[in-house]
Structures are given as structure tokens and as C-alpha cells.
Amino acid sequence: MTDDAPVLLHTDGHVRHITLNRPRVLNALDHASVRALDAALVAAEHDDTVAAVVVSGAGTRGLCAGGDIRALHDDARAGGAASLDFWRDEYRLNARIHRYRKPYVACMDGIVMGGGVGISAHGSVRIVTERSRVAMPETAIGFVPDVGGTYLLSRAPGELGTHLALTGRSVGAADALLCGLADHHVLSGDLPALTAALAGCTTPADVTRAVRGHATDPGPGELDAARDWIDGCYTAGTVGEIVDRLRDHGAAAAKETAESLLTLSPTALAVTLAAVRRARGAGSLEESLDQDFRVSTRAFAHPDFVEGVRARIVDKDYAPRWVPARTEDVHETDVARYFAPLGARELGLAPWA
């Protein structure tokens, strides 16, 4: 495998190391890297000499910044469908990771966003460091959290997941642990020692002991202290009502959050709120991924996605023109269309076969 391959592989002892290798774009996922990662996992799962896999990102900035947003934007703008094929394979990869039969150790060091959450937070051993910043930031570009992100966030304590899904804000190690997006905190400088210890592991129990032996307390986070206003405001029935509660709350952070939400796509916010609440009732990740595929397909065709990427990433004027522009102009029937079955185009992961 050449050094410019999208995914690099090497074996150390009983561990297969899988490294995302697009550091110039913070290891953003494209179709080639998704296919390569999936193939590597299949091979490792059927290799009796491999006891565990360790997934990390090349470079120093993070594991993965998500999907290749510019490529998705260009495809949407051209009226293409390559992005839908990409998501179909990506979501199947997320399901494979969730059901993986060997320890799947995700090193969530540095930036882990969007699709990066999909290839890490569905794993069985999820490690964050003091450098970790974890987020599902899709609403900032007029899109909706996908890759099973709503499934994960819907299971966070109280309304923390709703808060993170709507705002798209990133969290550090302590809050990632609190929200169930990670399992262990290991100092970034100790990761080489941990991976060396993992090389000698032959059983899942060995992997657990090795990780726990290097895990440390991350210290306090930020979200636990904000539970009062988050849990109180985000139980409202609509985005507009959530914003009103945030504005009326006495906490300065609540008021700031209300103003931040009003800068985001009203359609993306309404669909995200519905997606998180529907995900709470999902019986499996696969069921939620099927929902994500329906929603992503519809969001991809909505003008807010192209406009959001233009405003934040392409032109960087940070002045998106959302359609519609006001929260009150997004109707329940508009939101419901995002969740309607796709017929022959369904992803079809649930029930798990």
C-alpha cells in the first residue's frame, strides 16, 4: 500500500492499525476512503491473527473532520447523485463498526466531527484525549446530523443531545464521556504507550485492561453545569418555542444560544429536532441509519445545503440566505416530507441481517 493511499494499514503484534490518510483535508472522508476502510475491517475481522483494530488519523490535527463537504456541495450544485451513493456505503460502514465482532479501538484525538463521529463513536472502545473536539456541526451548513449521530445524541442525558444536535457545538473529552460519545480519556502523549500495550493483547478482556490501565480523569466539563437551562428549554415542542424559552431564561449562556440558533437554517433546525426525537424511539442503530438516509437525501436536494456551504466554506461571507428565512415559516408538513420512505432507493439496513 502506497503512502498516498486514502487508508494506511499495518500490523503490530495482534493489532491491525487502520489510519485515515488525508491529512491535508483533516482526513475528511470521500468514497474511496470509506470503501478502503470497510475493506480493511472485513479483512481484519476474518484474520485469526488479528485480535483488535485501532483506527486513527494521519497528521496532528485530528481523526476526521467529516465528509468531504466541498465535493458534496459541488455534487448538489450540479444536480448529481454521487453523494447519495457515498452515503449509502458510509452508513453501511457505520453499521459494520457498530456490529464489529472484535474490539474496535477509535483514537478520537483532536478534531472528530460529522462523519468522523460515525467511524469512531459507534465503535466498542472509544478513546478521547485532552485535545479532542467532538461535534455534529451539520446545522451550520444547512444540513442535518447523520451517520447515526441523532441515534447517539438522542441517548445522551436529558436534553444534552438535542442541544448539541441543534447548535452543532463541539465538546471536549469530559462532555463527550458524559454524552456517551466516548468511553475513556487517555492523555494524547500516552497514546503511543497504549498502542504498544495493545499489540500484546489477544482477547477483548486484554484490550479492556490495557485501555483502563492508561485511562485518566479528564476533569470537569461544561455541560453538566448547564443542565438546568438545557433540560428546561429544549423540552419545548418546536424550535421557535425552544428559542423563546432560551431567551426568557436567566442564564446568559441560554440567551446567547438563542441568538446563535436564529442564525442557522430554520429548515435544518426543525428537521434535526424531529430526527433526534424520532431516533429516541429507534430500536437499533440500523433503523436510525435508514432514517438518516431518507433525511440526508431530502436535505441534499434542499437549497439550504448548497447555500450553507457557500456561506461558511466557499465564499466565507457567513451571510447565508436561508429558504425560508424564518423559523415560523417551516411547517410540520415540510418536516414530515424528510422522513417519508424512499421506495426502491431505501437504504434498508433494518432489521439487521
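Of the residues A193, A268, which is more than 19 Å from G142 (Cβ to Cβ) and either out of contact with any Asp or Glu (no Cβ under 9 Å at 6 or more places or on another chain) or not β-branched (V, I, T) (or both)?
A193
Each row is one residue, and each column tells you yes or no for (1) within 24 Å of V128 (Cβ to Cβ); (2) open to solvent by 50 Å² or more (accessible area, probe 1.4 Å).
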| position | (1), (2) |
| --- | --- |
| T19 | yes, no |
| L29 | yes, no |
| A40 | yes, no |
| H46 | no, yes |
| A58 | yes, no |
| C64 | yes, no |
| L84 | no, no |
| D89 | no, yes |
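For segment 198-299, which fully contained helices (runs of 4 or more DSSP H) count at least 1 residues that are of a type in the set (D, E, K, R) and in contact (Cβ under 8 Å) with a residue 24 or more places away in the chain?
Values: elements: 204-214, 227-233, 239-248, 252-261, 266-279.
Filter on segment 198-299 gives 204-214, 227-233, 266-279.
So which of E346, E307 is over 17 Å from L262 (Cα atoms) and at pLDDT 95 or above? Show your work before the answer.
Working: E307 fails: over 17 Å from L262 (Cα atoms).
None of the others qualify; the one that does is E346.
Give me the residue from segment 333-351 that is under 21 Å from the mean Cα position of the chain (by Cα) and part of a helix (DSSP H, G or I) and, out of that set, surrounded by the most Cβ atoms within 10 Å (Cβ to Cβ).
By that ranking, first place goes to Y338.
Which one of these does G200 not meet: (1) over 24 Å from the mean Cα position of the chain (by Cα); (2) under 25 Å from A65 (Cα atoms); (3) open to solvent by 20 Å² or more (accessible area, probe 1.4 Å)?
Result: G200 fails condition (2) only.
In the list A301, A344, which residue meets the criterion of being of a type in the set (G, A, S) and under 18 Å from G79 (Cβ atoms)? Outline the logic, then answer.
Numbers: A344 fails: under 18 Å from G79 (Cβ atoms).
Answer to the selection: A301.
Hey, any hits in segment 306-324 for a residue that's open to solvent by 60 Å² or more (accessible area, probe 1.4 Å), assigned to a loop (DSSP other than H, G, I, E, B) and within 24 Å of E90 (Cα to Cα)?
no
So if I check each of V134, V105, which one is in contact with a Leu (Cβ under 9 Å, 6 or more places away or on another chain), open to solvent by less than 20 Å² (accessible area, probe 1.4 Å), under 26 Å from V239 (Cβ atoms) and assigned to a strand (DSSP E or B)?
Working: V105 fails: under 26 Å from V239 (Cβ atoms).
None of the other options fit; the residue is V134.
Looking at segment 137-169, which of the residues that are assigned to a helix (DSSP H, G or I) and among the small types (G, A, S) is nearest to the chain's Cα centre (by Cα)?
Within segment 137-169, the subset assigned to a helix (DSSP H, G or I) is 138-141, 149-153, 160-167.
From what is left, the residues that are among the small types (G, A, S) are 140, 149, 161, 165.
Working: A140: 14, G149: 5, G161: 12, A165: 10 Å.
Here the answer is G149.
Look through segment 72-82, keep the residues that are open to solvent by 50 Å² or more (accessible area, probe 1.4 Å) and without any contact (Cβ under 8 Å) to a residue 60 or more places away in the chain, and return whichever of them is nearest to R310 (Cα to Cα).
Initial filter on segment 72-82 (open to solvent by 50 Å² or more (accessible area, probe 1.4 Å)): 74, 77-79, 81-82.
Going one step further and asking which of them are without any contact (Cβ under 8 Å) to a residue 60 or more places away in the chain, we end up with 74, 78-79, 81-82.
Working: D74: 10, A78: 14, G79: 16, A81: 19, A82: 19 Å.
Here the answer is D74.
The values are calculated or read from the model by the stated rules, or taken from the named source; none is laboratory data. Keep in mind the model is a prediction, meaning the values are calculated, not measured. Please note: Cβ atoms are built from the backbone with ideal geometry, for glycine as well, and neighbour counts cover all protein chains shown. Quick note on the areas: whole protein, heavy atoms, side chains included, nothing else; ligands and nucleic acids left out. Shrake-Rupley method; radii C 1.70, N 1.55, O 1.52, S 1.80 Å.
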